[in-house]
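Read the figures in this text as sums done on the coordinates, not as results from a lab. Since the model is a prediction, treat every value here as computed from it, not as a measurement. Note that each Cβ is placed from the backbone with ideal geometry, even for glycine, and that neighbours are counted across all protein chains shown.
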Amino acid sequence: MEAKSFEKANPKSQKSVNTCPFCKKNTQPDYKDYKNLLPFISDRARILGGARTGVCARHQRLLAREIKRARHLGLLPFVPKILKS
Ligand SMILES: [Zn+2]
């Protein structure tokens, strides 16, 4: 479960071998702490891709599921909030 093959493939890339915050902290995405999921949704309330957020494929799958769970429970939005002036 380690991505080492990309290390020297692109020397311009300043990304470290593993940028996944869930791997780093050794945690799993969880709908109950939905506030930690907020950085992974765009301002249009869409789930951001792993290429953009640095989440690995395994955690991206779990993350998408947990965001959908949180949406179902009303913790996270399906659509962006319209601010009333
Ligand atoms: Zn990960």
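I'd like the full set of residues that are within 8 Å of the chain's Cα centre (by Cα) and more than 8 Å from the ligand (Cβ to nearest atom), limited to the stretch 49-59. Those that are within 8 Å of the chain's Cα centre (by Cα) and more than 8 Å from the ligand (Cβ to nearest atom): GLY49, GLY50, THR53, GLY54.
Looking at the stretch 17-85, the helices (runs of 4 or more DSSP H) lying wholly inside it that each contain 1 or more residues that are in contact with a strand residue (DSSP E or B) (Cβ under 6 Å, 6 or more places away or on another chain) sit at 57-72. Filtered by the rule that a residue be closer than 23 Å to THR19 by Cα and surrounded by 15 or more Cβ atoms within 10 Å (Cβ to Cβ), the stretch 63-84 gives LEU63, ALA64, GLU66, ILE67.
The single condition from (1) near the ligand (Cβ under 10 Å from one of its atoms); (2) over 10 Å from the mean Cα position of the chain (by Cα) that ARG46 fails is (1).
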